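Visitor: Before anything else, here's the structure in question.
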Amino acid sequence: MTRNMLVLLAGAGSFALLAGAYLFQALGYPPCAMCLWQRWPHMAAIVIAALALRFGGPALPILGAAAAGTTGGLGIYHTGVERGWWQGPTSCSGGSLDGLSGMDLLAIDGPRVVMCDQVTWEFLALSMASWNAVASFGLMAIWISAVMIKAGSSRTA
């Protein structure tokens with residue numbers, strides 16, 4: 001597999017994970033704050049992939065691996081908060097209502113509070129945050145493979 005194919009695969013993987021997150025949101029699973037944090041590195045990875053395809057060199061795939069590793073790490077952290085392994089941010093876990101005004105709490109159509117320490121959907125005993133971590137670390141491996149191959153090379157990874 002060529003370096004460009006690996007970069008394209010990694011960027012497409014981040015795009016698919018991001019699209020899946022927005023699809024779940026459209027289906028009625030609003031994201032918590034930590035879920036939103038996990039989206040930003042995927043957005044960065046998509047931009048990095050486009051730049052890497054255009055300009056080449058090893059620096060951009062290294063940044064892509066860092067972006068994938070960051071969202072994977074956030075997914076692990078979020079999973080730990082969901083499972084009660086460690087404390088999460090007070091703004092979205094442990095029943096805290098920090099950041100909401102009295103008017104927000106009294107409004108009939110006010111914001112829906114989505115807690116970071118609650119699993120809203122899971123498959124095979126893994127939450128969305130856990131699946132993001134698994135997939136993101138896989139994408140990180142693809143990015144690292146792209147670093148190891150010269151641009152345009154036909155070596156297999």
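The values are calculated or read from the model by the stated rules, or taken from the named source; none is laboratory data. What you see is a predicted model; the values in this text were computed from it and never measured. All Cβ positions, glycine included, derive from the backbone under ideal geometry; neighbour counts span all protein chains shown.
Visitor: Within region 48-56, can one find any residue that is over 25 Å from residue 119 (Cβ atoms), β-branched (Val, Ile, Thr), in contact with a Ser or Thr (Cβ under 7 Å, 6 or more places away or on another chain) and buried (at least 16 other Cβ atoms within 10 Å of the Cβ)?
Guide: no
Visitor: Same structure, new question: Return the residues of region 17-36 that are farther than 16 Å from residue 119 by Cα and either surrounded by 14 or more Cβ atoms within 10 Å (Cβ to Cβ) or in contact with a helix residue (DSSP H, G or I) (Cβ under 7 Å, 6 or more places away or on another chain) (or both); say none if nothing qualifies.
Guide: 17, 18, 20
Visitor: So, one more: Does at least one position in region 142-154 carry a residue that is assigned to a loop (DSSP other than H, G, I, E, B), out of contact with any Leu (no Cβ under 6 Å at 6 or more places or on another chain) and modelled with pLDDT of 80 or more?
Guide: Yes: one or more hits.
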